[in-house]
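Colleague: Below: one structure in structure tokens.
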Amino acid sequence: MYQQYFGIKEMPFSLSPDTSYFFAYGHYANALNTLLVALRTGEGFIKVSGEVGTGKSLLCRKLMRTLSEHFKLVYIPNPQLSSYGLQVAVAEELGLKITRYVHRLNNMITDKLLELAQEGKRVVLCIDEAQAMPEETMESLRLLTNLETEKSKLLHVVLFGQPELDELLNKKSVRQLKQRITFSYQLQPLERVGMDAYIMHRLVVAGFKHGNIFESRALEHLFKASQGIPRLINILCHKSLMVAYGQGARVITEDIIKLAISDTEDTQLRSTKAPWWRRLVASFAAIAVIASVSGYVSYAG
């Protein structure tokens, strides 16, 4: 694609939660530090919430990569599970042989948690997309956290979820679980200065060595369209680099960023439409990009 053209080793604005791109800035650094302190002091329940695209999954992965060998990690990326399904998922992560008898499975989990505690390890259950968890599974999760010794909890839980998670926790049926949350953190979108630093950070990590390639006016439009949401920033920056490559441009201008915005559904500048002839130029640029990639693939094959 455009890596060689811009002199970078990989695509800097991928949507995959690559921890090497974690942006230790402002509230992201604060959120990670809050989680680390809370877990190291033995807190049982922690919640991190934020709008779609604000970086919760990346924060979750960064937390798991940062915790020391004194922690045993249990990761559940899809919590749309029954109560029994949750127990099975936890048991599998702990390396246990699954049984269809719920009471037996629960005892096996308890024994394993006690064993790990005796080895000096704290078990941390990280649940991503926790807003999708059924209410009855939430209650099962609460019961799992009842497991404790005289001095400490055997299972520590970190919930990552969208704002709907707060709505779920406000329901009467899960009020006991909500009372157990000792730390909570809400991720916010980036402010303008933070967005500029975020873009530069990702370019540098990807190997770019030639300063910022986004013009100031382009960054202004980018911020207004994305509202500082990292996922949208990534999408718009990626499309802008593709267009620039197709047009043979070395700088991301206001016109290029407008083309990227007009081609992106979930932006705040839906009325920002480039003139038809500019969209036509962009289409030809995209065709040139596709053709060059196809030619490379054919040649490589």
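Colleague: Label points 7 Å out from Cα along the Cβ direction at Ser216 and Gln186: separation in nm?
Modeller: 3.4 nm
Colleague: Another one. Would you work out which of Cys237, Leu36, Phe160 lies farthest towards the positive end of the dipole of the chain, given +1 charges on the beta-carbon of Lys and Arg and -1 on that of Asp and Glu, about the Cα centre?
Modeller: The residue sitting farthest along the positive end of the dipole is Cys237.
Colleague: For the stretch 42-187, what Kirkwood radius comes out of the mean inverse Cα-Cα distance, in Å?
Modeller: Evaluated on the stretch 42-187, it is 15.4 Å.
Colleague: Per-residue HN-Hα couplings for the stretch 192-204, Karplus 6.51 cos²θ - 1.76 cosθ + 1.60 at θ = phi - 60°, whole Hz, x for Gly and Pro?
Modeller: Result, ordered by residue: 4, 4, x, 5, 4, 5, 5, 4, 5, 4, 5, 5, 5 Hz.
Colleague: Hey, another quick one. R0 = 22 Å: FRET efficiency of Lys209 with Tyr25, Cβ-based, nearest 0.05?
Modeller: FRET efficiency, Lys209 to Tyr25: 0.60.
Colleague: A further question on this structure: Report the charge-dipole magnitude of the chain in Debye, nearest 20, computed about the Cα centre from +1 at each Lys and Arg Cβ and -1 at each Asp and Glu Cβ. Intermediate values should be presented prior to the final figure.
Modeller: Values: 35 positive and 29 negative charges, 37 e Å.
Dipole of the chain, to the nearest 20 debye: 180 debye.
Colleague: Could you tell me whether the stretch 191-255 comes out rounded, prolate or oblate from its Cα gyration tensor? Rule is a ≥ b ≥ c as square roots of the eigenvalues, rounded for a/c under 1.5, then prolate if a/b exceeds b/c, otherwise oblate.
Modeller: oblate
Colleague: Kindly put Val251, Val205 in sequence by how many other C-beta atoms sit within 10 Å of each C-beta, fewest to most.
Modeller: Ordered by Cβ neighbours within 10 Å, fewest first: Val251, Val205.
Colleague: Determine the calculated [θ] at 222 nm for the chain from helices alone, applying -39500 (n - 2.57) to every DSSP H run no shorter than 4 residues and normalising by the residue count; nearest 500 deg cm²/dmol. Kindly include the intermediate steps, with their values, before the conclusion.
Modeller: Numbers: 13 runs with 156 residues, N = 301.
Computed mean residue ellipticity for the chain: -16000 deg cm²/dmol.
Colleague: Between [x] 7, 27, 37, 23, 5, 0; [y] 6, 24, 26, 19, 15, 9, 1, 0; [z] 6, 27, 31, 20, 11, 4, 1, 0, which matches P(r) over Cα pairs in 10 Å bins from 0, in percent calculated for the structure shown?
Modeller: Only one listed value fits the structure, namely [y].
Colleague: Exceeding 29 Å between C-alpha atoms, which entries from my cross-link table qualify? They are Lys72/Lys209; Lys72/Lys97; Lys62/Lys153; Lys62/Lys258.
Modeller: Where the Cα-Cα span goes over 29 Å, the pairs concerned are Lys72/Lys209; Lys62/Lys258.
Colleague: Provide Ile8, Ile181 in ascending order of the number of other Cβ atoms located within 10 Å of each residue's Cβ, fewest first. Kindly include the intermediate steps, with their values, before the conclusion.
Modeller: On the way: Ile8 20, Ile181 15.
The most exposed by this proxy come first: Ile181, Ile8.
Colleague: Give me Lys9, Lys112 ranked fewest to most by other Cβ atoms within 10 Å of their Cβ, as a rough exposure proxy.
Modeller: Ascending number of Cβ neighbours within 10 Å: Lys9, Lys112.
Colleague: Rounded to the nearest 5, what is the percent of antiparallel bridges among the DSSP beta bridges in the chain?
Modeller: Counting only bridges with both partners in the chain, antiparallel ones make up about 5 percent.
Colleague: Starting at the first residue of the stretch 169-181, write each ³J(HN,Hα) from the Karplus equation 6.51 cos²θ - 1.76 cosθ + 1.60 with θ = phi - 60°, in whole Hz, x for Gly and Pro.
Modeller: My calculation for the stretch 169-181 gives 6, 7, 6, 4, 5, 10, 4, 5, 5, 4, 5, 8, 6 Hz in order.
Colleague: To check you understand DSSP bridge types, tell me what percent of the beta bridges within the stretch 42-187 (both residues inside) are antiparallel, rounded to 5. Mind dumping the intermediate values first?
Modeller: Details: 1 of 23 bridges.
In the stretch 42-187, approximately 5 percent of DSSP beta bridges are antiparallel ones.
Readers should treat all values here as calculations from the given coordinates under stated rules, not as data from a laboratory. Values in this document were obtained by computation on a predicted structure and should not be read as measured data. We place every Cβ from the backbone using ideal geometry, glycine too, and count neighbours over all the protein chains shown.
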